[in-house]
Amino acid sequence: MRMSRLLVRTLREAPADAEVASHQLLVRAGYIRRLASGVYTFLPLGLRVLHRVEQVIREELDAVGCQELLMPALHPIELWEQSGRAAMFGSDALPAMTVEARGGTFVLGPTHEEVVTVTVSAEVESYRQMPLTVYQFQVKFRDEARPRFGLLRTRELIMADAYSFDVDKEAMQSSYQTVFDAYLRIFERLGLHVTPVEAESGAIGGDVNHEFMVPSAVGEDHFVSCASCGYAANVEAATRGVARVAAGGGGPTSAGPVVEHHTPGRPGITDVVAYFADQGATAADFLKSLAVFDADGRPTLVLVPGDREARLPSGWRLFEDADFDSNPSLVKGYIGPSGQQEHGIRVVADTGISRPGPWITGANRPDHHMTGAVLDRDFNVDAWGSFAEVVSGDACPHCGGAVELVRSVEAAHTFQLGHKYSEVMPGSTFVAADGGEATFSMGCYGMGVSRLLAVVAEEHHDERGLAWPPEVAPYQVHLAALGAGRSPEVGAAADQLYGQLIAAGVEVLYDDRDVSPGVKFADADLLGTPVRLVIGAKGLARGVVEWRSRATGEERELPMDGVVATLAGG
RNA sequence: CGGGACGUAGCGCAGCUUGGCAGCGCGCCUGCUUUGGGAGCAGGAGGUCGCGGGUUCAAAUCCCGCCGUCCCGACCA
C-alpha cells in the first residue's frame, strides 16, 4: 500500500477524551475513530489488525476441529423470553438493547447462547454428530452504563464466540479443555501474557468457568494469584485460606457479660471504632453485619470481620430502606446477630470470625452497640463460608501461601453451561446411543476481539507509538524513501523494491509521500510496523538499505539486492 | 443510575471573572526555498462559540432548561 493513497491521518496530539495509551495511540495513528461514546469506526489500518487477530483465532480453533458460522446480530425477542433471560434486560446483569421493527421486537444480540442452541439443535439429531463446536465473529451490543478507555469498554464490540455441543457432561468437559487449550495458544501468538482464573459466571450462567486475564495497569478487574501453588481466581470468586476455629476452642475463656452502650449517631464501622478506641478496640474486634437477601430471596444476615470489606455471592443483594421496615429485628446502622434466628433471619458468617470473641457489634436497638458478645453464647451462626474480600497477603485457600492481587483486563471468558440453555430452549434434544432422547451438554467461549486490539496495544507500545507483534501488525514492513523528490535514483530504487516485496508476498506499507524525513520517521514509529526499511541517497550510493526493528530498536544495513530474500525468508 | 468536570475551526487550547470586531499553535490549500528525526518565508481557506429559551442597545461571555463528552463510583466481554 502506498501511504500517499492510504486513508490515514496521524495526529500529533491525542483527543482530550482519550485517557489510556492504547486509546490515544490507536486514534493518533489513525486506526480508529469515535462515532459516539463507546462506538468506533475501524479505519483501514485498524481493520487490518482486527482481521489479523481474527485470523489467529480462526486458525487455532479450526486446528482443533471447530467450525465457523455466522449467526444474526438481530434476535427475535421470543428466543430470549423462552430462555428466561429477557427478564434480565434493563438490569445491570444483562444490559441489552431492543429494536421495534415491522417483524416484531428484536434484540440487538448481547450474546448468542439462545440463537446457537436453536440453530444447532435444528441440525443435529443424533449423538453420532457430536462432539461439535461452532464459532463466529460477530458484533455484540451492550447497553453499557459507562463506556470507557477507547476499545476496552464499548457499547458495540466484535467478539469471537464459540459453542460446544456434547452428549454428556464428561464429553463436554473434554470439549471445554480443547477450546481452553486453543485459547492459550491464541494468546501466546498474540504476544499476551494471560492467566486463566476461576471466576463468577454472571448472566451467562453455568457451573465451571474461567476468565483469561491479562495483567495491565488499565485493567478494571483484579485476580488473586498464589505464587507457590498456582491458584488463581477473580477477586469476585476468590476465597481465603482461613480455617474455622473449632467450636469451644481458642479465644478468651474469661469473657465477661454482654454490655450495651449508648452510641448515638454512629451507624458506620469507622464511627463506632472511634467511639470504643479508648478501650483498645480496633476494627478487627467488630462484627460487620450486613442485612441481605440470598439468591433464593431469603432474608439473611452476613457477618464479616470489621476490618474487612464484605463480598456477597452473586445473586445476593443488600437490603434497601423498605426492607428494614418489613424486618424490624434488623435495625439499620445498629444490626447485630443476637437472636436473629427467632425472627426468621438466617445468619451466615465468614470463617474469619469463627473465634469466640468477645466481639463488639450492633445491639439491634437504635443508637446502641454491645460489647462482650461471644459466639455460640450470645449469637449463633447457621452456616460458614467465605464472605470477606480477599486482599494481598491473605492465605491461599489451597496451600496457605500468601496470595497477591493482580490488576488485569478480562480478555476472554469460558463457561461449562451443561443443560442451562438446552433444557429451556424448545426442541434442544437428540437421539442418544441407547435410542432415548437426551439433552445437549453445552459450553460457551467468548473472546473480545476488538478489545484485544486495545490490550495488545497496551502491552506493545512506547512513548513514540505502537509496536505491533508481527502476528497482528497491519503490515510487516514500513518502507520509507527519503528525499525521493530531489533524487530520482532514490525514488526509482524505492519503487522497485516496493514492487519486489509485493511480488515476494511481503505485506508492505510504502511511504512515498513528499514529506520531510522527520515526519516519515515519526509516523513510522507511531504506526508501529515491526520492520522499517529506509532508502536514502547516502545508503543507496553504497548499495544498502537500512533495516530497523520497531520493537527492539536494533538496526543494520542490508545490501540492496538481498533485501527481498531476507524479508521474504524471515 | 449517583458525584465531578468540560463543550469555541480537523486536533490541542486561549478568550468567559469585568458583555462590545471570534483568536493562537498544529493540521489543510497555493507558490518559492528546503530535505536523515515532526523545516522556512509569503499568501489563503475553514466557525450554528453543543442546542433551545431568557436578560440586554449588544451574549462565546450573564440566567434557566436540555443534549453531548470525559473522569470517579455502582455494574460488565
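Some notes on this structure:
- Only a single criterion out of (1) surrounded by 13 or more Cβ atoms within 10 Å (Cβ to Cβ); (2) in a strand (DSSP E or B); (3) in contact with an Asp or Glu (Cβ under 9 Å, 6 or more places away or on another chain); (4) not polar (S, T, N, Q) is not satisfied by A:Arg556, namely (1).
- With respect to the conditions (1) in contact with a strand residue (DSSP E or B) (Cβ under 9 Å, 6 or more places away or on another chain); (2) assigned to a helix (DSSP H, G or I); (3) surrounded by fewer than 19 Cβ atoms within 10 Å (Cβ to Cβ), A:Ala492 falls short on a single one, namely (1).
- Taking the range A:459-487 as the range and being within 12 Å of RNA strand B (Cβ to nearest atom) and either out of contact with any helix residue (DSSP H, G or I) (no Cβ under 9 Å at 6 or more places or on another chain) or assigned to a strand (DSSP E or B) (or both) as the test, the residues that pass are A:Asp462, A:Glu463, A:Gly465, A:Leu466, A:His478, A:Ala480, A:Ala481.
- Any strands (runs of 3 or more DSSP E) falling wholly within the range A:178-234 and containing at least 2 residues that are more than 11 Å from RNA strand B (Cβ to nearest atom), surrounded by fewer than 22 Cβ atoms within 10 Å (Cβ to Cβ) and in the same structural domain as A:Thr154 (by TED's automatic domain parsing): A:195-198
- Any chance A:Gly372 is touching a residue at least 40 places away in the same chain (Cβ under 8 Å), surrounded by 21 or more Cβ atoms within 10 Å (Cβ to Cβ) and more than 30 Å from A:Ser83 (Cα to Cα): no
- Of the residues A:Ala122, A:Ala73, A:Ala86, A:Ala93, the single one that is over 27 Å from the mean Cα position of the chain (by Cα) and among the hydrophobic types (A, V, I, L, M, F, W, C) is A:Ala122.
- Conditions (1) closer than 27 Å to A:Glu113 by Cβ; (2) without any contact (Cβ under 8 Å) to a residue 40 or more places away in the chain; (3) of a type in the set (D, E, K, R); (4) within 12 Å of RNA strand B (Cβ to nearest atom): number failed by A:Asp92: (2)
- Residue within the range A:326-335 that is in contact with a strand residue (DSSP E or B) (Cβ under 7 Å, 6 or more places away or on another chain) and at pLDDT 80 or above present: yes
- Strands (runs of 3 or more DSSP E) lying entirely in the range A:95-170 (those with 2 or more residues that are of a type in the set (D, E, K, R)): A:156-166
- Scanning the range A:95-118 for residues that are touching a residue at least 40 places away in the same chain (Cβ under 8 Å) and touching a strand residue (DSSP E or B) at 6+ places or on another chain (Cβ under 8 Å) yields A:Ala96, A:Met97, A:Thr111, A:His112, A:Glu113, A:Glu114, A:Val115, A:Val116, A:Thr117.
One line per residue, one yes/no per condition, for (1) of a type in the set (A, V, I, L, M); (2) assigned by TED's automatic domain parsing to the domain that holds A:Val347; (3) closer than 21 Å to A:Pro358 by Cα; (4) in contact with a Cys (Cβ under 7 Å, 6 or more places away or on another chain):
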{"site": "A:Ala284", "(1), (2), (3), (4)": "yes, yes, yes, no"}
{"site": "A:Lys288", "(1), (2), (3), (4)": "no, yes, yes, no"}
{"site": "A:Phe293", "(1), (2), (3), (4)": "no, yes, no, no"}
{"site": "A:Val302", "(1), (2), (3), (4)": "yes, yes, yes, no"}
{"site": "A:Arg308", "(1), (2), (3), (4)": "no, yes, yes, no"}
{"site": "A:Phe319", "(1), (2), (3), (4)": "no, yes, no, no"}
{"site": "A:Asp323", "(1), (2), (3), (4)": "no, yes, no, no"}
{"site": "A:Ser326", "(1), (2), (3), (4)": "no, yes, no, no"}
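- Selection of strands (runs of 3 or more DSSP E) fully inside the range A:418-457 by the criterion of at least 3 residues being within 21 Å of A:Thr119 (Cβ to Cβ) and within 11 Å of RNA strand B (Cβ to nearest atom) returns A:441-448.
- Number of positions in the range A:515-541 that are of a type outside the set (A, V, I, L, M, F, W, C), within 10 Å of RNA strand B (Cβ to nearest atom) and touching a Pro at 6+ places or on another chain (Cβ under 9 Å): 1
- Those strands (runs of 3 or more DSSP E) lying entirely in the range A:339-396 with at least 2 residues out of contact with any Leu (no Cβ under 6 Å at 6 or more places or on another chain) and under 29 Å from A:Glu198 (Cα atoms): A:346-350, A:383-385
- Leading residue by the ranking (nearest to A:Ala412 (Cα to Cα)) among those in the range A:132-177 that are within 15 Å of RNA strand B (Cβ to nearest atom) and of a type in the set (Asp, Glu): A:Asp161
- Criterion applied to A:Leu453, A:Leu501 was being surrounded by 17 or more Cβ atoms within 10 Å (Cβ to Cβ), in the same structural domain as A:Tyr127 (by TED's automatic domain parsing) and within 18 Å of A:Thr529 (Cβ to Cβ), and the one residue passing it is A:Leu453.
The values are calculated or read from the model by the stated rules, or taken from the named source; none is laboratory data. Source: prediction; values computed, not measured. No Cβ is skipped: glycine too gets one built from the backbone with ideal geometry, and neighbour counts run over all protein chains shown.
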